[in-house]
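**Q** The structure is given below, and queries will be raised subsequently.
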Amino acid sequence: MNNKSAKNIVIAPIAAKDANVIVKRLHYSGKVCNNSQLHLGVFMDGVLEGAMQFGPSLDKRKIQGLVKDTPWNGFIELNRMAFSERLPRNSESRALSIALRLFKKHYPHIEWIVSFADGTQSGDGTIYRASGFVLTQIKKNTSIWEIGGGGSKLYFTDIGVRTGKLQKKEVFNRMVATDTKGPGRAALINRMTVTTGKHILETGSASMKPFIDAGARPLEGFQLRYIYFLDPTARERLTVPILPFSKIEELGAGMYKGKKRQASEVGNGPDQGHSGGAAPTRTLHNSDSQGD
């Protein structure tokens with residue numbers, strides 16, 4: 001950590017390939033979101049130390065309905081945030097604040113931004129609460145699955161999948177596994193072809209049963225959905241309730257750096273119906289990185 005202020009960081013568009021490199025290196029998942037379209041780099045002293053990636057939601061039609069009468073291009077998702085520990089304290093909040101201003105200035109057709117906090121592997125969204133996002137959903141995780149952990153029948157090696165003692169786990173999104181038209185499912189099927197005494201068959205079905213039979217299971221934890229209104233009038237068209245931040249503590253959904261928070265550690269901040277957001281704090285860090 002250096003002694004410089006977050007005011008010294010510079011936010012600028014970068015190429016997708018550069019953003020992907022830093023996200024793979026710094027984000028807790030080690031993965032990029034392939035449908036990201038806008039990539040903003042976070043620079044300190046001319047060195048790229050972080051990235052924010054924005055793009056359409058995987059389930060765009062469903063998410064669009066969260067705000068009534070939203071045009072098809074009227075919202076975007078913050079897919080990835082990844083920041084080096086070498087950035088000054090509060091860089092995440094400042095970088096996101098600058099990004100929001102850039103959207104208001106250069107993309108006036110975008111009315112709101114949605115993002116999800118992964119309360120199964122990373123954190124409960126402190127950075128969003130610090131940046132004026134509202135909380136619109138806390139649900140038990142059914143989206144992020146794991147294979148190769150616990151009672152899985154598979155283990156992974158550099159040359160493929162083998163039966164036997166667990167060596168490595170793999171985490172994947174349920175939507176990828178059930179998208180029969182996408183390349184992601186085919187890749188998963190290919191990597192999981194060996195189980196105890198039988199193979200996973202590609203039948204064209206969107207069922208999770210082949211993966212469950214191979215030992216896959218959803219991770220324990222929660223997924224939290226946050227929305228930021230670039231256009232204040234969009235808030236009036238929100239079709240789902242705004243939840244108080246205290247719900248995170250109430251439901252036991254608090255998480256920080258991949259570890260469950262104690263109830264007293266969850267920062268709820270002011271009521272969302274007024275100013276919204278917790279006091280800016282460092283959030284969601286791994287040993288050398290941060291990611292949402």
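The values are calculated or read from the model by the stated rules, or taken from the named source; none is laboratory data. Model, not experiment: these values are computed from the prediction. Heads up, the Cβs are rebuilt from the backbone with ideal geometry, glycines too, and the neighbour counts pull from every protein chain shown.
**Q** Kindly indicate whether Asn90 is in the same structural domain as Val42 (by TED's automatic domain parsing) and within 15 Å of Ser131 (Cα to Cα).
**A** It is true that Asn90 is in the same structural domain as Val42 (by TED's automatic domain parsing) and within 15 Å of Ser131 (Cα to Cα).
**Q** Right, here's the next one. So is Ala177 modelled with pLDDT under 70, within 19 Å of the chain's Cα centre (by Cα) and either charged (D, E, K, R) or assigned to a helix (DSSP H, G or I) (or both) or not?
**A** When the stated conditions are applied, Ala177 passes them.
**Q** What are the residue pairs meeting all of these: first residue in the stretch 59-83, first residue on the phi < 0 side of the Ramachandran plot, second residue basic (Lys, Arg) and assigned to a loop (DSSP other than H, G, I, E, B), Cβ atoms under 7 Å, and 6 or more apart or on different chains?
**A** Short answer, once both residue conditions are applied: Val67/Arg237; Lys68/Arg237.
**Q** Since His39 meets every condition but one in (1) assigned to a loop (DSSP other than H, G, I, E, B); (2) modelled with pLDDT of 95 or more, which condition does it not meet?
**A** (1)
**Q** Of all residues in the stretch 30-58, count the ones that are within 21 Å of Gln121 (Cα to Cα), surrounded by fewer than 18 Cβ atoms within 10 Å (Cβ to Cβ) and in contact (Cβ under 8 Å) with a residue 40 or more places away in the chain.
**A** Matching residues across the stretch 30-58 total 0.
**Q** Would you check if there is a residue in the stretch 21-33 being in the same structural domain as Leu230 (by TED's automatic domain parsing), among the hydroxyl-bearing types (Ser, Thr, Tyr) and more than 30 Å from Leu238 (Cα to Cα)?
**A** Looking through the stretch 21-33, at least one residue is in the same structural domain as Leu230 (by TED's automatic domain parsing), among the hydroxyl-bearing types (Ser, Thr, Tyr) and more than 30 Å from Leu238 (Cα to Cα).
**Q** So for the stretch 73-90 (the condition being touching a Pro at 6+ places or on another chain (Cβ under 9 Å) and of a type in the set (Asp, Glu)), does at least one residue qualify?
**A** Yes, there is a match, as at least one residue in the stretch 73-90 is touching a Pro at 6+ places or on another chain (Cβ under 9 Å) and of a type in the set (Asp, Glu).
**Q** Could you list all residues from the stretch 52-72 that are within 12 Å of Arg237 (Cα to Cα) and not in a strand (DSSP E or B)?
**A** Gln64, Gly65, Leu66, Lys68, Asp69, Thr70
**Q** Of the conditions (1) of a type outside the set (Asp, Glu); (2) within 18 Å of the chain's Cα centre (by Cα); (3) within 15 Å of Ile227 (Cα to Cα); (4) surrounded by fewer than 23 Cβ atoms within 10 Å (Cβ to Cβ), Lys68 clears all except one; give me its number.
**A** For Lys68, the failing item is (2).
**Q** Any idea which residue in the stretch 252-267 is modelled with the lowest pLDDT, counting only those that are crowded, with 16+ Cβ neighbours inside 10 Å and of a type in the set (A, V, I, L, M)?
**A** Residue satisfying both the conditions and the ranking: Val266.
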